1. What pairs in K5/K43; K43/K63; K5/K42; K43/K66 have C-alpha atoms more than 27 Å from each other?
2. Are there chymotrypsin sites (Phe, Trp or Tyr not before Pro) in the range 2-73 that DSSP marks as loop and that have at most 15 other Cβ atoms within 10 Å, and which are they?
3. May I ask for log10 I(q)/I(0) of the range 19-67 at q = 0.21, 0.26 Å⁻¹, from a Debye sum over the Cα atoms as equal point scatterers with solvent left out?
4. What ³J(HN,Hα) values, in whole Hz, does the Karplus curve 6.51 cos²θ - 1.76 cosθ + 1.60 give for the range 43-50 when θ = phi - 60°, with x put for Gly and Pro?
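Values quoted throughout were computed directly from the atomic coordinates according to the rules given, and no laboratory measurement underlies them. Owing to the predicted nature of the structure, the values given are computational and were not obtained by experimental measurement. A quick note on method: Cβ atoms are made from the backbone with ideal geometry, for glycine too, and the neighbour counts reach across all protein chains shown.
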Amino acid sequence: MAIIKSCRYCVAPKRHPGCHDTCPEYQEEKAEYNKCKERYDKKMAVIGAIHDQRGIQVRKALKNRKRGGYNNA
């Protein structure tokens with residue numbers, strides 16, 4: 001993911017309390033960061049859903065095997 005670097009070496013008088021509200025460099029990097037984070041979150045949501053579905057199917061198969069639902073060869 002992107003990292004916000006515009007404020008890393010920023011010192012007074014440019015840097016002041018509340019400068020993130022008015023700094024155009026920070027605003028641009030923050031917007032890019034939010035886009036990257038949104039894409040990452042969507043990707044991880046899909047991966048998580050697939051993982052959960054696999055877990056459900058495995059538990060269901062194990063439950064049926066204990067009952068003798070599948071061939072226990």
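1. Details: K5/K43 25 Å; K43/K63 31 Å; K5/K42 24 Å; K43/K66 35 Å.
As for pairs spanning more than 27 Å Cα to Cα, those are K43/K63; K43/K66.
2. Values: sites: Y9, Y26, Y33, Y40, Y70; in loops: Y9, Y70.
Taking the range 2-73 and a limit of 15 other Cβ atoms within 10 Å, the loop chymotrypsin sites (Phe, Trp or Tyr not before Pro) found are Y9, Y70.
3. -0.76, -0.88
4. 4, 5, 5, 5, 4, x, 5, 5
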